[in-house]
Amino acid sequence: MTANDRLARSITLAWNRREHSAGRLAWRTPAVLSWRAFIEALCARSLASGGRAGGRVLLAEHQARLLWQRIVAAGDGDVLPGAAAPLAELAAQAWRLAQDWRIGEAEMQATADSEASRAFAGWAADYRQHCEASGWTDSASVCALLQADLRAGAIDVPRQLHLAGFADRTPLQEDLLRSLVASGCTVSEEVAHPHGARDVRKLRCRDAQAEAGQAARWARALRERDTDAAIGIVVPDLAQRIGTVRRAVLDVLAPEWRLDIDRPLPVNFSYGQPLASVGLVRIALAALRASTDQIDIQLAGLLLASRYLPGYGEEASGRVRVDLVLRRRAGATLSIPELAEACTGEAPGIAARFVAVASLAAQGPRRQPPSGWAASFRIVLETLGWPGDRALSSDEHQAANAWQEALDRLRSCDVILGAVDRETALGLVSGLAQAQLFQPAGDPAAVQVLGLMEAVGQRFDALWVCGMTSQAWPPAVRSNPLLSLRLQRERRLPDSSPALARERAERLLRWLETGAGRVVFSSPEFAGDEPLAPSPLLERIPGSADDLPAWPEPLWIDRMLATGQLEQLAPDPPPPVSPGARLRGGAALLEQEARCPARAFVQFRLGAREMPLPTAGLDAAMRGKITHGILEAFFRETDSHAALRALDPDAQRHRLDVAANAALAKFKASTDPLLRRIADREHERQLRLVGEFLRLERERSGFRVRAIESPLAAGKGLPSVARLQLRLQVDRIDEMPDGRLLVIDYKTSRQLPPAAGWRGFRPRAPQLPLYATLADADGIAFVQLAAGNVSWRGLVDVDWAGAGLKSVGDLKKEGISTWSALREQWSQALESLAKEFLAGCFDLGSQPGDAVRGEWVMAIRPQDAGMTDGEAP
């Protein structure tokens, strides 16, 4: 009997390999069981003989956890929504500790000294009563029944029981073992490696990454000497460091691992990830969520991009285009019929499957037992064609089998629950998949990388134990908050005090010392800039590890860099824009050219765009378009200052209402109820915002709206700009009382482009200078329309009335005193930027700033030129 399932598998495998090496073609399967499996076997024998333990239904862990959730949620205490599940997990742990250390309910109630411990005492009483009333028991409580069966002679016991890997035994285990001995079973135990350790060393490494690399080099050197050697690398915090440890070890033991992800590896990592996070199962859960009324846009994108749904190879491009369209739509959710309709043109294969799933959802029951939902979920996945039409790898096959086991566990929830709705059932199976750790079976002869507790009891030829710092070993005390701390210390629970934690750490260390013929304990010297001390428990270990074997070859990346030769590339600038080429974009092309020509090239010649992020409701761009739509409709009807002043408040409100209803029509008609509510609120917000702007408009001197949302075209005055064939549309042009023109651009962001961006020979905000040049205007202005800030900012030829409009005379210090001089500077700057773009310039610019942040960094790579955060190279 072993302390855990992994050790049981390891011993069974070692036995099978020995029998096979001896030339046997068949042999008796050894009786090697973990503690959990041994308890289940005893319960089966009790059932066969009519014993007390066999008369109860033994709840699996997930069933007991579900019962705890019901009890915690129904308790008298104030449990916040969403807190029942984690609190129930903590209660289940406290219950197991209480059973393992023989703490009765009366004692729990008598020693409860906090609100949490008093609440748990009540939950524990409810849990026991539920179990007794329903004829249930769990793996911790059943041991008392098994002892009664053993005393009554109701269970046949094995003649001999050998224990392996029990670094700690609880009082519950000790009591059961004594009952087995009293029933005639001989119990023996292996407490250490038969021959003890021959060579124990300790080593200090620079940091955790170097430590993992040194351990891997040591393992490879030993493996090259003896290909049959059993080698282990222990990482106590493997769960937290799995990514960095995996890369460091594979770079040494399997340098080609990045090139062929399906190739068997010479390393077996014992860390399992939650089944719910495994790609194939993640898609299964996403598909089940998608069959509900409303699904998240990002969830839809996950399904469209998945190779675990059939037809992806043929429809990949179409599905990507559908995903991009969905990301630009308003709202963060859509229905399955809407998703199917969106896919019809670009991806008809998956569209047909979505239609079939929508039909299933419409016809299916609203409530049924978990077993019924397990069957329904299987049908949904079959209808969608999960897990796809490609051949699965070994790991994927194992994940698919593990998912079927999760559905089987969902079926077993009938014993705890009655009929539930779809959302509850989906939450149950998601929780089951999240709680189940998945680790695909690897090569048992490979180098083993495992956690500390998994290594206890296993036999290795060589073992390297990492991370033995004073902070990590002995580990920090983590007592259960639902049991009285005083009671835990009286019963000597290992995690109840630093002294008891140290005792346990010393016992485990002795197990590790004798777990192989050659053992290395290492610790990093630094974590970043913070110095780390080695564990004080290593002080008694003599010697150093300066002469450890190590694979001497450089890593593949170091070898590549060392042997590479500098190649001189001939200049190969991008080709200029072809005559007559139609380019995307408007004034933003010149703006990006002024900021960063490389960004302008990638965006407007190569057509690159940032991946849109779906938002719940209306994003800033959508709100801006709504504001523009309302103002366009209003000023087409109210085309002068006089017409505006002639409107009374009620008439103005009515006119704005009509414009807002038109601008928000498609959002108010959405099938998403949340988006409809958001649209109603946006209607009122827009009325307040535009109403504040109209108040400022009433205070201006006379004007007439000359143009609104009108196109502009470059003429002979700007020939290079004209070659770009930009799509330009001015928000509004006002004609002032003296006949001069003012170009207006609405901005709904909280931050306006700086006025300095209108000046210089690389104006970083060239939009309004371009519009003014093309429209022959005598003033430019931004109107900021943001909550709490509705204002003007502009530059004009004469001192027109209105706050925020500065005269060109204010620029005399910059050498510009007249509007015509400023217009001439703009023309030269705009032509220069246009010529630069047409020539195919791909420079980074002197200060690209925001132009090369976010996703643009990956396309433009300013870091390769030594540029960081907007600085010049």
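The values are calculated or read from the model by the stated rules, or taken from the named source; none is laboratory data. Here the structure is a predicted model, which means the values were calculated and not measured. Positions of Cβ are generated from backbone atoms using ideal geometry, with glycine treated the same way; all protein chains shown enter the neighbour counts.
The number of residues in the range 48-69 being assigned to a helix (DSSP H, G or I) and under 23 Å from Y127 (Cα atoms) comes to 12.
Within this structure, Q147 fails the test of being in a helix (DSSP H, G or I), closer than 21 Å to I39 by Cα and touching a residue at least 40 places away in the same chain (Cβ under 8 Å). Of everything in the range 666-708 that is of a type in the set (D, E) and surrounded by 15 or more Cβ atoms within 10 Å (Cβ to Cβ), the residue that is nearest to V790 (Cα to Cα) is E692.
Summed over the range 661-719, residues that are at negative phi and not in a helix (DSSP H, G or I) total 23. Within the range 297-323, residues that are of a type in the set (S, T, N, Q) sit with their Cβ atoms under 6 Å from residues that are at pLDDT 90 or above and part of a helix (DSSP H, G or I), at 6+ positions apart or across chains, in these pairs: S306/I283.
Whether a residue is free of Cβ contacts under 8 Å to residues at least 40 places away in the same chain, aliphatic (A, V, I, L, M) and under 24 Å from R159 (Cβ atoms) was assessed, and L25 does not pass this test. Take the residues in the range 609-632 that are small (G, A, S) and outside any loop (DSSP other than H, G, I, E, B); name whichever of them is farthest from the chain's Cα centre (by Cα). The qualifying residue farthest from the chain's Cα centre (by Cα) is G629. Scanning the range 573-608 for residues that are within 12 Å of F837 (Cα to Cα), under 37 Å from the mean Cα position of the chain (by Cα) and in a loop (DSSP other than H, G, I, E, B) gives a single hit, C596.
Restricted to helices (runs of 4 or more DSSP H) entirely inside the range 78-139, those with at least 1 residues that are in contact with a Cys (Cβ under 9 Å, 6 or more places away or on another chain) and either at pLDDT below 95 or not assigned by TED's automatic domain parsing to the domain that holds I39 (or both) are 84-100. Looking only at residues of the range 447-501 that are hydroxyl-bearing (S, T, Y) and part of a loop (DSSP other than H, G, I, E, B), we find that the one that is surrounded by the fewest Cβ atoms within 10 Å (Cβ to Cβ) is S470. Being within 27 Å of W826 (Cβ to Cβ) and in contact with a helix residue (DSSP H, G or I) (Cβ under 8 Å, 6 or more places away or on another chain) holds for only one residue in R595, R582, R609, R623, and it is R595.
On inspection, A212 qualifies as assigned by TED's automatic domain parsing to the domain that holds R518, surrounded by 18 or more Cβ atoms within 10 Å (Cβ to Cβ), at pLDDT below 95 and not polar (S, T, N, Q). Based on what the data block shows, is D843 modelled with pLDDT of 75 or more and either aromatic (F, W, Y) or not in a helix (DSSP H, G or I) (or both)? The answer is yes for D843.
Here the range 803-829 is the region considered, the condition is being of a type outside the set (A, V, I, L, M, F, W, C) and assigned to a loop (DSSP other than H, G, I, E, B), and the residue that is nearest to P719 (Cα to Cα) is T818. When the range 620-641 is filtered for residues that are exposed (fewer than 15 other Cβ atoms within 10 Å of the Cβ) and either closer than 22 Å to P673 by Cα or in contact with a Gly (Cβ under 8 Å, 6 or more places away or on another chain) (or both), the ones remaining, listed by number, are A620, A621, K625.
Pairs only if they're at least six apart or on different chains, beta carbon under 6 angstrom, first in the range 415-433 and in contact (Cβ under 8 Å) with a residue 24 or more places away in the chain, second of a type in the set (F, W, Y); list them, first residue then second. Taking only residues 6 or more apart or on different chains, the pairs are A425/W373. Exactly one residue among R18, R6 is touching a helix residue (DSSP H, G or I) at 6+ places or on another chain (Cβ under 9 Å) and part of a helix (DSSP H, G or I), and that residue is R6.
Is the range 170-179 home to any residue that is outside any helix (DSSP H, G or I) and surrounded by 14 or more Cβ atoms within 10 Å (Cβ to Cβ)? Yes, the conditions are met somewhere in the range 170-179. Annotation: of all residues in the range 429-469 being touching a Pro at 6+ places or on another chain (Cβ under 8 Å) and polar (S, T, N, Q), the one that is farthest from V520 (Cα to Cα) is Q434.
Of the residues making up the range 287-331, those that are among the aliphatic types (A, V, I, L, M), within 21 Å of K666 (Cα to Cα) and assigned to a helix (DSSP H, G or I) are I297, V322, L324, V325, L326.
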